[in-house]
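Contents: one structure, followed by commentary.
The values are calculated or read from the model by the stated rules, or taken from the named source; none is laboratory data. For clarity, every value in this text was computed on a predicted model and none was experimentally measured. Every residue, glycine as well, gets a Cβ built from its backbone with ideal geometry; the counts of neighbours run over all protein chains shown. These accessible areas exclude ligands, DNA and RNA; they are computed on the full protein's heavy atoms, side chains included. Shrake-Rupley method; radii C 1.70, N 1.55, O 1.52, S 1.80 Å.
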Amino acid sequence: MMATYDLVIVGGGAGAFAAAIRADELGAKTALVNSGLPLGGTCVNVGCVPSKALLWAGEIAHAARHHGVPGIEIDSPRVDFATLVRDELALVDRLRAEKYEHVLAGLRRVTHIEGKGRFVSPREIEVNGGRVKGAKFIIATGSTATVPPIDGLATAGFITHIEALRLERPPATLLVIGAGALGLEFAQLFARFGTQVTVLQRGATIFPRTEPRLARRLMEVLARENITVVTDAAVRSVECGGGRKRASYEADGATRGIVVDEILLAAGKTPNTSGLGLRSAGVRSDGRGAIRVDSTFRTSEPDIFAVGDVAALPMRLEITAAREGTLAAENALQRSARTLDYDTVPYTVFTDPQLAGAGLTEDAQLQRLGACECRTLSFEAVPKAIIMRRTEGLIKMTVHPQTKQVMGVHILAPQAGELAAQAALIVGRGLTLHEVADSLPMFPTLSEAIKLVAMSFTHDVSKMSCCV
């Protein structure tokens, strides 16, 4: 017999779960069809949770060696990498059970079907040899690591973030292809556990979403940790010999070679649309295989929606996928037209210091408005950073030249991701430069940096006392 539902969700990650929770709240009979990664998708299983656990461990080990506080001497810490990985994997099991398996069990109107769903029509999918019919559908199948077309790469072998999080010991030498958030985080993670790391970035800058000056400063910090970052680099070939891998790449007009123990791919992600039967559903995709959607997450088939990494959307973040899932469920079941303002979504690269922020960069504002007013402040002017002996950071604020509304805040600092929430609120609420300058952050905290950079538009903050 064919099972029929108000809503069928294909996928089991952040976007799918957010949609299922909202659908259950709205009283809709819902099916969640999942295959591939366990429940929870990338974030809890092979993404945010395990990687940040290891990054935090690396930060503790690094701080023990380089705390910079006179009068405190700490013997060089002994690191048992295999134990760290076992603890990381145990944490994944715990959070998957608490935040996904137990949550799903508590959704009374949601039926979990384990299996790969494939559309056979705009109203039906085939799963495990049977049929599931839905009035509405949400596709939230996520993405997998992109394997670039490099000669010899498949033969020589490589790892992605999935395998990297399960290594029993760090490689002696590592080549990271790609300098986005994932590439930078894993580069520093392994470097702090003794790996000699080289990062090759095809573009002219690392993490191009942020301000170039902040990206350059982060490159300087990584260089002090003996991480080599080469920009404008194109990997041409990889070959294997003697148990090691030799990569040939072009940079600065010359062909160079590097021999490493392992290669980590961090060159983007490919949407998981293969085998979904999109043509049978009347759903169009772009040249990368990402599903085309409008601002309400509706595909070319009006009753089918798509969210998260599988969709052609401005951002690929766990927080955006979850919010998109919630809004898509409302739009599908209530015939609403809710959208997401991506300008106000915060981002964070979890290096140390972290690179974070929200809103427009100077270049983006210039493209949109043809004008920009901005200031950059060093954390040498922030008392808490001085106390912590962590003054390497920078903060940049962009404002509308006429209205003085804050358009963007971008930060390089310890725990900058914690400040990004405040930046997102400022941008999202449309606060003005003067409203931010009149705020009262706690002293001494790193959050003062946001007030200080706002004040720097009209004052020389180096000539001010604390708490002004």
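For the range 160-205 and the range 5-46, what is the separation of their C-alpha centers, rounded to whole Å?
31 Å
Relative to the first principal axis of the alpha-carbon coordinates of the chain, what is the inclination of helix 48-66, with its axis defined by its Cα atoms, in degrees from 0 to 90 and to the nearest 10?
For helix 48-66, the angle is close to 10 degrees.
For the pair GLU418/ILE387, report the inter-label distance in nm, with labels modelled 7 Å from Cα in the Cβ direction.
Modelled inter-label distance: 1.1 nm.
If you take the Cα Rg of the range 233-368 and divide it by 2.2 N^0.38 Å, with N the number of residues, what do you get?
1.42
Apply the a/c threshold of 1.5 to the C-alpha gyration tensor of the range 227-269 and tell me whether it is rounded, prolate or oblate.
Cα axes put the range 227-269 in the oblate bin.
Local charge sum around ALA82 (other residues, Cβ-Cβ under 13 Å, Lys/Arg +1, Asp/Glu -1)?
Around ALA82, the charge tally is 0.
So, counting K/R as plus one and D/E as minus one, what does the shell of residues with Cβ under 12 Å around GLU262 add up to?
+1
Give me, ordered by chain and number, the residues 5 or more places off THR144 or on other chains with an amide H under 5 Å from its own placed amide H.
Long-range HN contacts for THR144: THR270, ASN272.
Quick check: residue separation of LYS463 and ILE162 times 0.36 nm, minus the Cα distance between them. What number comes out in nm?
Net length gain for the segment: 103.4 nm.
Starting from the range 255-285, pick out the trypsin sites (Lys or Arg not before Pro) whose DSSP state is loop and whose Cβ has at most 14 other Cβ atoms within 10 Å.
Taking the range 255-285 and a limit of 14 other Cβ atoms within 10 Å, the loop trypsin sites (Lys or Arg not before Pro) found are ARG284.
Measure up LYS29/LYS136; LYS133/LYS269; LYS269/LYS396; LYS396/LYS451; LYS52/LYS245; LYS29/LYS133 against 19 Å on the Cα-Cα distance and list the ones that go over.
The pairs that break the limit, which is 19 Å between Cα atoms, are LYS133/LYS269; LYS269/LYS396; LYS52/LYS245.
With every protein chain in place, what's the accessible area of LYS99 (1.4 Å probe, Å², nearest 10)?
120 Å²
Using amide H atoms built in the peptide plane, which far-off residues or other-chain residues are under 5 Å from HIS112 H to H?
LEU32
Hey, can you find the accessible area per residue of the chain for me, probe 1.4 Å, expressed in square angstrom?
Counting only protein heavy atoms, the per-residue value for the chain is 45 Å².
So what is the calculated 222 nm ellipticity per residue for the chain, using -39500 (n - 2.57) for each DSSP H run with n of 4 or more, over all residues, to the nearest 500 deg cm²/dmol?
-9500 deg cm²/dmol
Restricting the count to DSSP beta bridges whose residues both fall in the chain, what percent are antiparallel, rounded to a multiple of 5?
Of the beta bridges lying entirely in the chain, close to 60 percent run antiparallel.
Let me know the Rg and Dmax you get for the range 306-383 when you use only its Cα atoms, in Å.
Answer for the range 306-383, Rg first and Dmax second: 16.7, 52 Å.
Taking square-rooted eigenvalues a ≥ b ≥ c of the alpha carbon gyration tensor, is the chain rounded, prolate or oblate, where a/c under 1.5 means rounded and, failing that, a/b exceeding b/c means prolate?
It comes out oblate by the Cα gyration axes.
Per residue, how big is the convex hull of the range 1-121 when only Cα atoms are used? Give it in Å³.
Given the Cα convex hull of the range 1-121, per-residue volume reads 136 Å³.
Calculate what fraction, in whole %, of the accessible area of the chain sits on carbon and sulfur atoms when a 1.4 Å probe is rolled over the protein chains.
C and S atoms contribute 50 percent here.
I need the shape label for the range 141-186. Rule: rounded when a/c is under 1.5, else prolate if a/b > b/c, else oblate, with a, b, c from the alpha carbon gyration tensor.
Taking the square roots of the gyration eigenvalues as a ≥ b ≥ c, the range 141-186 is rounded.
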